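My questions all concern the structure below.
The values are calculated or read from the model by the stated rules, or taken from the named source; none is laboratory data. The shown structure was predicted, so the numbers you read here are calculated from the model rather than taken from an experiment. With ideal geometry, Cβ positions are generated from the backbone for all residues, glycine too; neighbour counts draw on all protein chains shown. For accessibility, only protein heavy atoms count, side chains too; no ligands or nucleic acids. Shrake-Rupley method; radii C 1.70, N 1.55, O 1.52, S 1.80 Å.
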Amino acid sequence: MILTILTALSCAIWIYLIFFNCWFWLSNVRLGEAEDLQEWPEVVAVIPARNEAESISSVVAAHMKTNYPGRFSVIVVDDQSDDGTGDLARKAGQGATRTLHVIDGKPLPEGWSGKLWAVNTGLNAAETLEPNASYVLLTDADIVHAPDVLQRLVYEAYQNDRALVSIMAKLDARGFWGGLLIPAFIFFFQKLYPFPSTNDSKRKVAGAAGGCMLVERMRLREIGGVESVRNTLIDDCSLAERLKLGGRERRAIFLGFDEGVQSLRDNRALQTIWKMVSRTAFTQLGFSTLALIGTVFGMFLIYLVGPLAFFTLPLHGSGLAFTLGSWAWFAAIVAYAPTLRLYRKPLYWALLLPLSGVLYTAMTISSAVAYWRGKGGLWKGRTYA
């Protein structure tokens, strides 16, 4: 009886997710192509970099090769690295026609996350170095942009009067752990921040991907810059919310996918993905124990009840629970398929979505435990309260 009720609830949740959650699972929101503008606005990129020797050369070189028609400059903030990140960045920009500034970061003050303090340092420097830039490209030191991406970002922002245009970078999904967990991460993110809802100025939902965020500079100043979200770990979504809802009326923002924005972070090891998720998972829940309990039960209900009822039919003997559980599992497979296709993964990976759900639940619990032990938000050698 209890299993039948649980499978019925699971089916009901999947009906809502598939038909009433803005069709998030279709994964079909794409950055459009650019057309000609009479005058292309000036853009400055700000890249915080702390111990990014493995990727910074490729990242800077890619930005230097952009085909953007207007003026474009890059500010790399070397956030007290001890692996030669700053020198590698300078070397990668030598001989380029674009302007590169590499500046030293400052000691982290209390009340700031490390990344946002570095971004703030870069933005303050841009007021002097690049005062005429109309847009700021906030991106990471492990994200490579194709030559045409910036032009398309600016066109989308300029033509549609958007305060923010953000692209979810294509993450590394090689190997077993990458294939199991990275598409699932993207799927879960879309479920929380449905792209069509985020892009609808009539809705309150606001999301962004910190690896690629083009922000209108004037509107960034209006909300108080990144200082307005200075103590947040999920800074990209927090900034998107401020940009969308921070004024007297909601602003238009855009969040989508594009193959031209690629992450260089190697995700083949489980430990790498675990650290990435557990750093902010409990933050997403507002550090609430009740929310954590609800999340664990919700993940069980959505992703595990269906397969459990399917495989344990000889034990429970309920045809109705088996049928409802089978439908719930089938709905999960159908919903997950477009994300797998986005990452060019075979459909059979969808059969392992319950395992992905178990691991992400464990990462969330791990995040809570780290927070309770006073080690929450550990990243790049820093721990944030």
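Does Trp112 meet the test of being open to solvent by 20 Å² or more (accessible area, probe 1.4 Å), within 22 Å of the chain's Cα centre (by Cα) and closer than 22 Å to Leu164 by Cα?
Judged against the criteria, Trp112 is not a match.
Considering Phe185, Phe189, which residue is without any contact (Cβ under 8 Å) to a residue 24 or more places away in the chain and more than 29 Å from Ala133 (Cα to Cα)?
Exactly one residue qualifies, and that residue is Phe189.
Another question about this same structure. Which condition breaks for Val226 when tested against (1) part of a loop (DSSP other than H, G, I, E, B); (2) touching a helix residue (DSSP H, G or I) at 6+ places or on another chain (Cβ under 9 Å)?
(1)
Return yes when Val44 is in contact (Cβ under 8 Å) with a residue 24 or more places away in the chain, open to solvent by less than 30 Å² (accessible area, probe 1.4 Å) and under 20 Å from Leu164 (Cα atoms) and no when it is not.
Yes: the conditions hold for Val44.
Please pick out the residue among Leu315, Leu320, Leu324, Leu359 that is hydrophobic (A, V, I, L, M, F, W, C), free of Cβ contacts under 8 Å to residues at least 40 places away in the same chain, more than 30 Å from Leu214 (Cα to Cα) and open to solvent by 20 Å² or more (accessible area, probe 1.4 Å).
After ruling out the rest, the residue left standing is Leu315.
Output the helices (runs of 4 or more DSSP H) that fall wholly within the stretch 281-381 and possess 2 or more residues being within 24 Å of the chain's Cα centre (by Cα), or say none.
281-284, 289-299, 319-342, 353-372
Given the criterion at pLDDT 95 or above, of a type outside the set (Asp, Glu), farther than 20 Å from Gly260 by Cα and not in a helix (DSSP H, G or I), identify the matching residue among Ala163, Ala173.
Ala163
Condition (residue is within 24 Å of His145 (Cα to Cα) and in a loop (DSSP other than H, G, I, E, B)) applied to the stretch 177-188: is it met by at least one residue?
No, the stretch 177-188 contains no residue that is within 24 Å of His145 (Cα to Cα) and in a loop (DSSP other than H, G, I, E, B).
Tell me, which residue of the stretch 237-256 that is of a type in the set (Lys, Arg) and closer than 14 Å to Ala157 by Cα is most open to solvent (accessible area, probe 1.4 Å)?
Arg251
Applying the selection to the stretch 266-299, what residues are basic (Lys, Arg) and crowded, with 18+ Cβ neighbours inside 10 Å?
Arg279
Taking the stated definitions as given, is Ser228 at pLDDT below 95 and either buried (at least 21 other Cβ atoms within 10 Å of the Cβ) or in contact with a strand residue (DSSP E or B) (Cβ under 7 Å, 6 or more places away or on another chain) (or both)?
Answer is no for this residue.
List every residue pair whose Cβ atoms lie under 8 Å apart, where the two residues are 6 or more positions apart in sequence or sit on different chains, the first residue falls within the stretch 12-37 and is closer than 22 Å to Gly298 by Cα, and the second residue, located anywhere, is open to solvent by less than 30 Å² (accessible area, probe 1.4 Å) and assigned to a loop (DSSP other than H, G, I, E, B).
Close Cβ pairs (under 8 Å, with a partner that is open to solvent by less than 30 Å² (accessible area, probe 1.4 Å) and assigned to a loop (DSSP other than H, G, I, E, B)) amount to Asn21/Pro194; Cys22/Pro194; Trp23/Pro194; Phe24/Pro194.
Which condition from (1) over 19 Å from Leu116 (Cβ atoms); (2) open to solvent by less than 20 Å² (accessible area, probe 1.4 Å); (3) part of a loop (DSSP other than H, G, I, E, B) is the one that Ala208 breaks?
Of everything listed in (1) over 19 Å from Leu116 (Cβ atoms); (2) open to solvent by less than 20 Å² (accessible area, probe 1.4 Å); (3) part of a loop (DSSP other than H, G, I, E, B), Ala208 misses just condition (1).
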